[in-house]
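Each remark here refers to the structure printed beneath this line.
Each reported figure results from applying straightforward, stated rules to the coordinates on display, with no laboratory input. Everything quoted here is computed from the prediction, not taken from an experiment. Here the Cβ positions follow ideal geometry from the backbone for every residue, glycine too, while neighbour counts run over all protein chains shown.
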Amino acid sequence: MFSKVDTIHIQVSNLKKAKQWYEEVLELERVFDSGKYMVYKVGIGESTITIQEGKVRPSSIKPILFSDALEETRLKLLEKNVEVGHIEEDEDVTYFVFRDLDGNDFEVCQYIPL
């Protein structure tokens, strides 16, 4: 029925500020700019993150990004003054959470080798 996740859509309160934050802080590559929304490539996968200005509201949906260097990624975000949680472990996965400028939650995970 579905072949892939196309994009994760995130509402932001100020597109110009969010664009700068997603590019400078998260170091994401912008692949499309309509003037009303931006699309970013994430790593080597095909799925993207789309940001669009609009009403920001709490959500139970949380994008989960993967990192081969979890601790280094966390420290890099802290250096860029991002609100970052502690590294936690859940069975075979270690992870931490962080928030963007509008309080949208993200998680970064890394699998624990068996």
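Side notes on the structure shown:
- Residues whose placed amide H lies under 5 Å from that of VAL12, excluding near-sequence neighbours: GLN52, GLU53, GLY54
- Here the calculated FRET efficiency for ASP90 and VAL5, from their Cβ-Cβ distance with R0 = 22 Å, stands at 0.50, rounded to the nearest 0.05.
- Under the combined filter of DSSP loop state and at most 14 neighbouring Cβ atoms within 10 Å, region 64-114 retains these GluC sites (Glu not before Pro): GLU83, GLU91.
- The longest stretch of the chain left intact once loop-based trypsin sites (Lys or Arg not before Pro) with at most 14 other Cβ atoms within 10 Å are removed from consideration, loops following DSSP, is 81-114.
- Each Lys or Arg adds one and each Asp or Glu takes one away; over the other residues whose Cβ falls under 13 Å from the Cβ of LEU77, this sums to -4.
- Using the rule -39500 (n - 2.57) for each DSSP H run of four or more residues, divided by the residues of the chain, the 222 nm mean residue ellipticity is -5000 deg cm²/dmol.
- Label zone at GLU24, where the point sits 7 Å out along the Cα-to-Cβ direction: region 56-86 residues whose backbone N lies under 12 Å: 80-81
- Only one item in [x] 45, 40, 25; [y] 75, 25, 18; [z] 97, 60, 25 matches Cα extents along the principal axes in Å derived from the coordinates shown, and that item is [x].
- Of the chymotrypsin sites (Phe, Trp or Tyr not before Pro) in region 1-59, those whose Cβ has at most 11 other Cβ within 10 Å and which sit in DSSP loop: PHE2
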